[in-house]
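A.B. asks: Take this structure first; my questions come after.
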Amino acid sequence: MQQPQLDLRVLRYFVAVAEELHFGRAASRLHIAQPSLSVQIRKLEHELGVPLLIRSSRSVELTDAGEVLLTEARRLLSAAKRVVSMTQEAASGVKGTLIVGFQSNAAAEMTPRILAAFKNNHPGVHVQMRSYGFSDPTAGLADGSADVAFVRPPLPEAGWLAMETLFVEPRVLAVSNGSHLAKLSEVSVEQVHDQPFVARNAPEKWRDFWLATQSREGHPVRLGTQVSTVDECFEAILNERGIAFTQASTQRFYDRPGLSFIPVKDIPPSTLSIAWRTDTNDELAREFVETARTLATFGGIPNVTSSFIGDPMSPIV
């Protein structure tokens, strides 16, 4: 039996449908006609010999095979993009590209110091910082679009993922200045049990960490709204649609007018880690991890507690 030939263009079509779970929105995103998109996905299913989507008049869902293809298609498309980039860079004299994924304020004040140290040791390497929303706590490592990432555990357990702690910092409560909580010098979780919270549109384990569900002693979370990015989060708080826990360093990078940040006395802190994939032999990623590790160990960082665990190249447990 002849092996099916995968068309990168059609894979991009499939990823759009799989992410939107709606042919109309996917077609609009791709700037093509919806009937044409439907035909292309049907052809892909026929070539692979398996159903990828479960369609009904009201919804579109991925089959198990579709879930697998989505993960692998993202990796393949990312790799194809990398091939083009590396080829063009070779012609221009660039000695490689490193994609560093991050969310919100990355590694706080350590970020520019890590980047400067790495570039000093690798002057020909192009380092690209890429921001990710709350839906991907791995900041691009899961789909291979990032080579290394600044992340905040807990992350989904995966055999391909490894990380090391760079520093630990307290969590604080972000509220609008109009809230009665803004006048407090410190709060406990019990004091905000009945307050509406801004929830991160993220995997459950990560979402629950930022809602401090384990510190609520079974008291349910009252949800005000859900958001996908840190900017959306603060807009929701300013509009008094809810309050939210965040890392203490957020105040230094997102201290907008109208926001107050209050210390919280009874929830665990937030850990900032450097993470990478163990199923790739990426020397630049390893060098970047070592640079971050060295700076965190010997350089220190203000207002946080530096902490290291284990071998910097050992897998997460």
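The values are calculated or read from the model by the stated rules, or taken from the named source; none is laboratory data. Source: prediction; values computed, not measured. Cβ placement follows ideal geometry from the backbone for every residue including glycine, while neighbour counts extend to all protein chains displayed.
A.B. asks: Residues being farther than 26 Å from Asp231 by Cβ, part of a loop (DSSP other than H, G, I, E, B) and either under 19 Å from the mean Cα position of the chain (by Cα) or small (Gly, Ala, Ser) (or both): count how many of those fall in the range 112-134.
C.D. replies: Within the range 112-134, residues that are farther than 26 Å from Asp231 by Cβ, part of a loop (DSSP other than H, G, I, E, B) and either under 19 Å from the mean Cα position of the chain (by Cα) or small (Gly, Ala, Ser) (or both) number 1.
A.B. asks: Let me ask something additional. Give me the pairs, please: first residue somewhere in the range 1-25 and closer than 18 Å to Lys81 by Cα and aliphatic (A, V, I, L, M), second residue anywhere and surrounded by 12 or more Cβ atoms within 10 Å (Cβ to Cβ) and modelled with pLDDT under 85, beta-carbon distance under 8 Å, and either six or more positions apart or on two chains.
C.D. replies: Correct list of pairs: Leu8/Ala80.
A.B. asks: Can I ask one more? Going through Ser57, Ser104 one at a time, which residue ends up being closer than 28 Å to Thr294 by Cα and either of a type in the set (S, T, N, Q) or in contact with a Cys (Cβ under 8 Å, 6 or more places away or on another chain) (or both)?
C.D. replies: Matching residue, one of Ser57, Ser104: Ser104.
A.B. asks: Next question, about the same structure. Among the listed residues Glu232, Glu240, Glu204, Glu190, which satisfies the condition of being charged (D, E, K, R) and within 17 Å of Pro263 (Cα to Cα)?
C.D. replies: When all the criteria are applied, what remains is Glu190.
A.B. asks: Return a yes/no flag: does the range 109-130 have any residue that is under 20 Å from Asp208 (Cα atoms) and either at pLDDT 90 or above or touching a Leu at 6+ places or on another chain (Cβ under 6 Å) (or both).
C.D. replies: Within the range 109-130 (the criterion being under 20 Å from Asp208 (Cα atoms) and either at pLDDT 90 or above or touching a Leu at 6+ places or on another chain (Cβ under 6 Å) (or both)), the answer is no, since none of the residues qualifies.
A.B. asks: Of the residues that make up the range 26-34, is at least one in a loop (DSSP other than H, G, I, E, B), surrounded by fewer than 14 Cβ atoms within 10 Å (Cβ to Cβ) and either modelled with pLDDT under 90 or not small (Gly, Ala, Ser) (or both)?
C.D. replies: Checked the range 26-34: at least one residue is in a loop (DSSP other than H, G, I, E, B), surrounded by fewer than 14 Cβ atoms within 10 Å (Cβ to Cβ) and either modelled with pLDDT under 90 or not small (Gly, Ala, Ser) (or both).
A.B. asks: Now for a different question. With the requirement that a residue be in contact with a strand residue (DSSP E or B) (Cβ under 6 Å, 6 or more places away or on another chain) and either aliphatic (A, V, I, L, M) or surrounded by 21 or more Cβ atoms within 10 Å (Cβ to Cβ) (or both), what does the range 172-196 give you?
C.D. replies: Selection gives Val172, Leu173, Ala174, Val175, Leu181, Ala182, Leu184, Val187.
A.B. asks: Same structure again: Taking Met129 as meeting all but one of (1) aliphatic (A, V, I, L, M); (2) without any contact (Cβ under 8 Å) to a residue 60 or more places away in the chain; (3) closer than 16 Å to Thr294 by Cα, write down the number of the exception.
C.D. replies: (3)
A.B. asks: I would also like to ask the following. Read through the list (1) part of a loop (DSSP other than H, G, I, E, B); (2) touching a helix residue (DSSP H, G or I) at 6+ places or on another chain (Cβ under 6 Å); (3) closer than 21 Å to Glu283 by Cα, then give the number of the only condition that Ala139 fails.
C.D. replies: (2)
A.B. asks: Restricting attention to the range 169-183, does a residue exist that is free of Cβ contacts under 8 Å to residues at least 60 places away in the same chain and not in a strand (DSSP E or B)?
C.D. replies: Yes, the range 169-183 has at least one match.
A.B. asks: Restricting attention to strands (runs of 3 or more DSSP E) lying wholly within the range 199-317, give those where 3 or more residues are modelled with pLDDT of 95 or more and closer than 26 Å to Val100 by Cβ.
C.D. replies: Correct list: 244-247, 270-277.
A.B. asks: So, in the range 274-300, of the ones that are among the charged types (D, E, K, R) and farther than 15 Å from Asn120 by Cβ, which residue ends up surrounded by the fewest Cβ atoms within 10 Å (Cβ to Cβ)?
C.D. replies: So, considering only residues that are among the charged types (D, E, K, R) and farther than 15 Å from Asn120 by Cβ, the one surrounded by the fewest Cβ atoms within 10 Å (Cβ to Cβ) is Glu283.
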